[in-house]
């Protein structure tokens, strides 16, 4: 399964995974919510320093989907808040 994840590092809400309703840009082109292709927003307490937020993201998504950590990988966006994540699970 491939997901687009909007990560919010350094959040006081975290750790938390929310499912997003895609939104388009509002009047004047200002975005009113998450990017149109975001499927999840993940709030993390860890800051984006030395990969700490990426590690926390993998751990949290593995727990959320009930898969081992090794089944979760960041495909694109290692240095971005918008990440493309692959979750390999057996059916």
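Within segment 56-78, being in contact (Cβ under 8 Å) with a residue 24 or more places away in the chain and out of contact with any strand residue (DSSP E or B) (no Cβ under 7 Å at 6 or more places or on another chain) holds for 56, 78. When segment 61-87 is filtered for residues that are part of a loop (DSSP other than H, G, I, E, B) and either within 13 Å of the chain's Cα centre (by Cα) or at pLDDT below 90 (or both), the ones remaining, listed by number, are 77, 78, 79, 80, 81. For segment 43-60, name all the residues that are surrounded by 15 or more Cβ atoms within 10 Å (Cβ to Cβ), modelled with pLDDT of 90 or more and either in contact with a helix residue (DSSP H, G or I) (Cβ under 9 Å, 6 or more places away or on another chain) or assigned to a loop (DSSP other than H, G, I, E, B) (or both). Selection gives 44, 45, 46, 58, 59. Examine segment 15-31 for a residue that is in a loop (DSSP other than H, G, I, E, B), surrounded by 15 or more Cβ atoms within 10 Å (Cβ to Cβ) and modelled with pLDDT of 90 or more, and state whether such a residue exists. So far as segment 15-31 goes, no, none of its residues is in a loop (DSSP other than H, G, I, E, B), surrounded by 15 or more Cβ atoms within 10 Å (Cβ to Cβ) and modelled with pLDDT of 90 or more.
The values are calculated or read from the model by the stated rules, or taken from the named source; none is laboratory data. What you are looking at is a predicted structure, and each value in this text was computed from that prediction instead of being measured. Here Cβ is always computed from backbone atoms with ideal geometry, including for glycine, and neighbour counts include all displayed protein chains.
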